[in-house]
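So the structure is just underneath, and the comments pick up after that.
Each reported figure results from applying straightforward, stated rules to the coordinates on display, with no laboratory input. Quick caveat, the model's predicted, so the values are computed rather than measured. Cβ placement follows ideal geometry from the backbone for every residue including glycine, while neighbour counts extend to all protein chains displayed.
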Amino acid sequence: MTQLLRVQNFCVSADGFGAGEGQTLERPFGHADPADLVSWAGATASWPGRSDPGGSRGLDDYFTRDFANHIGAEIMGRNKFGPQRGPWQDHEWRGWWGDSPPFHTPVFVLTHHPRPSFTLDDTTFHFLDASPAEALDRAREAAGGLDVRLGGGVATLREFLDADLVDTLHVAVAPVELGRGERLWDSPDDLLDRFRHEAVPSPSGVTHHLFWR
């Protein structure tokens, strides 16, 4: 059975940045306002953090619902787990994701400073000092025949793209410019040497870019 490595609902600005400069505990997106990048998903009926009825249906809601479809494991970079750098100073702090992380699968965090695995609700975090190919092998083994999601951040996506391991990408481009930070691309055309590409505008103002082999 083929297990795809998929990028889903990854959000960037119109000038290609997935995060701003100056990431801190209080500002995971650095100088960028995360609402500028992800509000399209938060407004949907299927947003997992929604506590009130309602929300939009249609294209944006479809991508929000599809986030967990056929996913058995996630790979993320250390910057997506938290802002700490270097050796871990505090094993009691367990990431930005709270007591019930939204992944509901094993998560493999890439870091040069491994630490013991731990579980929050139904998500177990594992910490690997590994190459992209090695990490993907571990994640596929844990995924139980399902696909693996590559969650980011930008540096991690670029690393897996450079290793030619990504099978499909969904990137939502928001109508805002950040000017600086971590840049995924200069243009979506940067990926056309390996992928077919279709851009689908949404009434919310974002444009959904779909890439497949």
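See the values below:
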quantity	calculated
Filter result (within 27 Å of A139 (Cβ to Cβ), of a type in the set (A, V, I, L, M, F, W, C) and touching a strand residue (DSSP E or B) at 6+ places or on another chain (Cβ under 6 Å)) within the stretch 1-51	L4, L5, V7, F10, C11, V12, F17, A19, F29, L37, V38
Residue among D186, D190 that alone is part of a loop (DSSP other than H, G, I, E, B) and either charged (D, E, K, R) or closer than 20 Å to G82 by Cα (or both)	D186
The stretch 170-213, subset in contact with a Phe, Trp or Tyr (Cβ under 9 Å, 6 or more places away or on another chain) and hydroxyl-bearing (S, T, Y), residue surrounded by the most Cβ atoms within 10 Å (Cβ to Cβ)	S204
S56 touching a residue at least 60 places away in the same chain (Cβ under 8 Å), within 24 Å of P188 (Cα to Cα) and polar (S, T, N, Q)	no
Search result, residues across the stretch 1-34 that are farther than 25 Å from A73 by Cβ, small (G, A, S) and in contact (Cβ under 8 Å) with a residue 24 or more places away in the chain	S13, A14, G16, G20, G30, A32
